[in-house]
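Right, one structure below, let's go through it.
The values are calculated or read from the model by the stated rules, or taken from the named source; none is laboratory data. Because the structure is a prediction, the values reported are computed rather than measured. Please note: Cβ atoms are built from the backbone with ideal geometry, for glycine as well, and neighbour counts cover all protein chains shown. When the accessible area is computed, the model is the full protein with side chains, heavy atoms only, and any ligands, DNA or RNA have been set aside. Shrake-Rupley method; radii C 1.70, N 1.55, O 1.52, S 1.80 Å.
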Amino acid sequence: MQDEIKISNGYFQLWNEFLKQNQVDWKALDLVQAQQDVLQQILSQAIDQQSSYAFFMQLIDATRQQLDCPDLAFAMARCIHPAHFGLLGYMASRSENLAQALDYVIRFSRLVIDSAHVAQMQYVHDEQTIRIFFPLQDEKYIFLHEMNLAAMFYLAKQFVSLDSLPLLQMSFVNAPQIALKYYQEFYQCPIKFEQARYEVIFSTEVLWLKPEQADANLIQLLIKQAEETLVQRTHRVTVAQQLQFIIAEYLRLQQRAPKIEAIAQELHLSVRTLQRQLSQLDTSFKKILEEERMQRCEYLLTQQRSFTDIALDLGYSDQSALARAYKAYRGRTLLQQKQQLK
């Protein structure tokens, strides 16, 4: 059975801030008493504590019924402050530059979203661009992803006090959820929909912009606190989450697919125990390996690499084996995908 995704209570505080700015009391929403009791408890807790994403979406649905706000994700993002992301928000705002802030966001993302079912962001940069990307693993997370992207973009502008950032392109896995004009007004850059992954492309000049509140001494204290918080949550990390991270690192750093025996040894488990634990989570080594391979494949397709080289990097015997695996996974050919990414 899959574990339920947990999100930081800061999302609930952000939602409540949005209501306040629109002069709406959450008690006026169409919530049953049980929902009101749960919400009251969440709003009284620390921002860095985590609560149910499913319950958060119940509040979003109730908000949509009460307010005429088609661009709700963007409207909420415009209300955000670093405090809504708790420790992670403070770390990002005190970083030496946006490159360091981005590193912290990726390194400590579990402080705000803790689940094996939401893929971690990755990023690469060359001489001219920086690309941040991640896949969509379930349609029920579309609102979360759209709001997160909008919030990160809006926060970054706050950090460096710019009306606009050198944003070159936005790509969404999903079809437009609202009228296109809302996306254009918010991001003010070329936007693509129904792509293989979510992707944000910036000019590299954004990396060296310095937040106005940068504080090298404070950041060390915040990092220590963040690391201690993650250690306290270690018991909640499933073996599937560990496996996703280890496989992704193998593919990225060693350009080869790991064997289950090597993974089991790294996790200090027998192969049989690892297989049993994955089965209890309704997944398998083979399934996770293929998902990570396909995500890595889609990144490599954006590079100047031949299909044969990509196949070898991912541990396939040849290009044909990769082509069959990709067609089964995505429903389109490697060539079609490469053309679409271009």
Residue count, the range 106-152, condition at pLDDT 85 or above and not in a loop (DSSP other than H, G, I, E, B), comes to 20
Given (1) closer than 25 Å to Glu199 by Cβ; (2) at pLDDT below 90, Ala264 misses just (1)
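State yes or no: is Thr204 over 18 Å from the mean Cα position of the chain (by Cα) and at pLDDT 80 or above?
Numbers: over 18 Å from the mean Cα position of the chain (by Cα): yes; at pLDDT 80 or above: yes.
For Thr204, the condition - over 18 Å from the mean Cα position of the chain (by Cα) and at pLDDT 80 or above - is met.
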Based on what the data block shows, is Gln220 part of a loop (DSSP other than H, G, I, E, B) and among the polar types (S, T, N, Q)? no
- Message: Would you confirm, using the coordinates I've provided, whether Ile191 is free of Cβ contacts under 8 Å to residues at least 40 places away in the same chain, closer than 27 Å to Ala240 by Cβ and hydrophobic (A, V, I, L, M, F, W, C)?
- Response: no
- Task: Check whether at least one residue in the range 82-93 is within 15 Å of the chain's Cα centre (by Cα) and surrounded by fewer than 20 Cβ atoms within 10 Å (Cβ to Cβ), and report yes or no.
- Result: no
Selection from the range 1-56 of residues in contact (Cβ under 8 Å) with a residue 12 or more places away in the chain, farther than 24 Å from Thr229 by Cα and acidic (Asp, Glu) yields Glu17, Asp30
When you look at Ser161, is it among the polar types (S, T, N, Q) and either without any contact (Cβ under 8 Å) to a residue 24 or more places away in the chain or open to solvent by 60 Å² or more (accessible area, probe 1.4 Å) (or both), yes or no?
yes
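Only one residue in Lys181, Lys192 is at pLDDT 85 or above and in contact with a strand residue (DSSP E or B) (Cβ under 6 Å, 6 or more places away or on another chain), so which one is that? Break it down stepwise before answering.
Details: Lys181 fails: in contact with a strand residue (DSSP E or B) (Cβ under 6 Å, 6 or more places away or on another chain).
Only one candidate passes the filter, namely Lys192.
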Given (1) open to solvent by 60 Å² or more (accessible area, probe 1.4 Å); (2) part of a helix (DSSP H, G or I), Tyr183 misses just (1)
Exception for Asn174 within (1) under 22 Å from Glu194 (Cβ atoms); (2) modelled with pLDDT under 85; (3) among the polar types (S, T, N, Q) falls at (2)
